[in-house]
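Take a look at the structure below.
The values are calculated or read from the model by the stated rules, or taken from the named source; none is laboratory data. None of the values given here were measured: they were computed from a predicted structure. As a convention, Cβ positions derive from the backbone with ideal geometry for all residues, glycine included, and neighbour counts pool all protein chains shown. For the accessible areas, the whole protein counts, side chains as well, though only heavy atoms, and no ligand, DNA or RNA atoms are used. Shrake-Rupley method; radii C 1.70, N 1.55, O 1.52, S 1.80 Å.
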Amino acid sequence: SVTALIPTFFGIPLTALGLLARDERRLKLAMHLSTVLALLGLLGSARGIPGAVALAAGGEVARPAAAVVQAAMAVLCAAFLALAVKSFIDVRRDRSSQS
């Protein structure tokens, strides 16, 4: 099913943006775009978290594999988003302290 590949549809652009970010001139653009993509991934996959929690508690859900994959994607996107925001804050602090 094509829906099983949705995490890949987020992973490939994130990888491409990571490669783009290696160029210092494009770092800011790549980081902002990847942060937006991570936010979209989090918002789109967060609905799997309740299903994964129900599975962990011994319950049943209609599509257990989908719930687990969605929850994993949500957690990974949330972690990336948190680290990206922290990075933006650190850069702004460094820039302010240099002035």
Review point. In whole percent, what relative contact order does segment 1-78 give with Cα contacts below 8 Å and a gap of six or more residues?
Key: 28
Review point. Using the alpha-carbon atoms, what tilt in degrees (0 to 90, nearest 10) does helix 64-98 show relative to the longest principal axis of the chain?
Key: 20
Review point. Where does each of 12-20, 63-71 land if you order them by average Cβ count within 10 Å, highest first?
Key: 63-71, 12-20
Review point. What's the FRET efficiency of Ser1 with Arg95 using the Cβ-Cβ distance as r and R₀ = 41 Å, to the nearest 0.05?
Key: 0.35
**Study point:** the chain - Kirkwood radius from inverse mean 1/r over Cα pairs (Å)
**Key:** 14.9
Study note, to complete from the structure: Averaged per residue, the 1.4 Å probe accessible area of the chain, protein heavy atoms only, in Å², is roughly 72
Study note, to complete from the structure: To the nearest 10 degrees, the tilt of helix 27-45 (Cα long axis) against the first principal axis of the alpha carbons of the chain is 20
Exercise for review: Report, to the nearest whole %, how much of the accessible area of the chain belongs to carbon and sulfur atoms, 1.4 Å probe, protein only.
Suggested key: 68
Check your understanding: Which residue, chosen from Thr15, Phe80, Val91, occupies the Cα position most advanced towards the positive end of the dipole of the chain, where the dipole is computed from +1 (Lys, Arg) and -1 (Asp, Glu) charges on Cβ about the Cα centre?
Key -> Val91
Review point. Extension gain Leu55-Val85, at 0.36 nm per residue separation less the Cα-Cα distance, in nm?
Key: 7.7 nm
Check your understanding: Taking only Cα atoms, what is the 0 to 90° angle, nearest 10, from helix 6-20's long axis to the longest principal axis of the chain?
Key -> 10
